[in-house]
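Derivation of every value follows stated rules applied to the coordinates shown; laboratory data play no part. All of these numbers come straight from a predicted model, not from anything done at the bench. Note: ideal-geometry Cβ built from the backbone for every residue, glycine included; neighbour counts use all protein chains shown.
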Amino acid sequence: MTDPDTPTTDEAAPVATAEAPFASLSPDRVLDAVERTGQVVDGRLLALNSYENRVYRVGLETGDALIAKFYRPGRWEDAAIAEEHAFALELEDAEVPVVAPLPEAGGSCLRWDEALRFALFPNRPGRTPELDRLDVLEWTGRFIGRIHAVGRARRFKARPGLTVARFGREPVGWLKQQDFIPQDLRPAYDSVADQLLERVEQALEWVGPVATLRLHGDCHPGNILWTPAGPHFVDLDDCMTGPAIQDLWMLMAGDREEREAQLAAVLRGYTVFCPFEPAELGLIEALRSLRLLHYAAWLARRWNDPAFPLHFPWFNGQRWWQDHVLTLREQLAALDEPPLHWFPD
C-alpha cells in the first residue's frame, strides 16, 4: 500500500498510548495488515460499530469483503483470545451459524501487526432481528440452545467467569476511586451501589448453585444478525463461563406480562436443544444489576479513548449520573419482585 518511509503529511504520525491504543491505526495500516496475510485488497474500507475493539470491513479485489477485528491491547491475554476463537470454530464445526475467524495456514486465528493483535472473519451481513415477534424469539431461542449444547461439552480455562466480584464489586470499587461521579451525587451512588451489590449476593444465595457453561456472554440484540435463513451471532469477544440465563434475559423487554410471553417463546425454542433449570429465572434481575454497574465503569475506563466521547456524548454529565443513580434505585425495587414465571408447553 503506502511506503512506510514516506510521510504523507507534514505532521508526525499519531502515537498509540494506553488511553488511546488505536491512535496509530490508520486506514492504510489496516489495509497493509490485511494484505500481509495474503489477501489482495481493493482500497475499500468501512469502520463498523465497535468501541472496545476496532472492526473494519475490508474490500477485496475479488469483489468480496473480509472483516478485520483489531483487539484492544491489554484487555485479553493471548490464551483468552485463543479460547474465543476455538469456541467459535467449535460452534461452526457443529453447524451452528456463528461467524468464526479464518485460521492461518498453521491453524492459529490470531495475527499481529506490530503491537496490535487482529483476526480476520468472513463478511456475513444481516439486519436487526424483530424481537417483538414471538416466532422470531422462538427461533432465536433454538439458536441459543444449540450454542449452549456445544458450550456444555467442555470448559473455558482462560476466559473469565460471571461473578459478583468481577462484574460488580471491582467496577464499583474502581469508580469510587475516580472523579467521574459528581461530588453531590457521591453519597447517593455509594449508598445505592452498595445496597444493590448486597441484594445481588442475596439473590444468588436464594437461588443456590446452578450449572454453568460456556456462553456467548453479551447476547444483546445488536450481536444477532438476521437473514432469510435465520439468525446468526457475531462477536464472541465477551464469551465467558456463567449460567444459561445470561444469554437469554437480554432478549426480553416490556412489562411483566410481555416478558413472560417472550420468555415462553424463547424457552420453547431453547429447550428443543438444551434443558433449562427454572430456578435460574431468579437470577435475571441480579444479572441485570451487575450489567448496569459494570457498564458505568466500562464507559468511565474508556473515556480517554477518543471514540468514546464521540459515540457516547451523553455520558459523564450531571444528568447522566442522576439518571444512573435513579436506575440503580429502580433496580433495587426490581430485585424485590418475584421472578418471572415459565409455564412449559
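Listing for the model above:
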{"item": "Structure-based [θ]222 nm, the chain - -39500 (n - 2.57) summed over DSSP H runs of at least 4, per residue, nearest 500", "result": "-12000 deg cm²/dmol"}
{"item": "Nearest-ten-degree value, helix 78-93 long axis tilted from longest Cα axis of the chain", "result": "80"}
{"item": "R0 of 22 Å, Cβ-Cβ distance THR62-ARG124: FRET efficiency to nearest 0.05", "result": "0.85"}
{"item": "Stokes-Einstein D in µm²/s, Kirkwood radius over Cα pairs - the stretch 119-266 at 10 °C with 1.306 mPa s viscosity", "result": "90"}
{"item": "Angle in degrees between helix 256-270 and the longest Cα principal axis of the chain, rounded to the nearest 10", "result": "60"}
{"item": "On Cα atoms only, tilt of 284-301 relative to the major axis of the chain in degrees", "result": "40"}
{"item": "Rg over Rh [alpha-carbon atoms, Kirkwood Rh] for the stretch 27-122", "result": "0.95"}
{"item": "Rg to Rh quotient for the stretch 189-299, alpha carbon positions, Kirkwood Rh", "result": "0.97"}
{"item": "Hydrodynamic radius by Kirkwood, which averages 1/r over all alpha carbon pairs of the chain, in angstrom", "result": "21.9"}
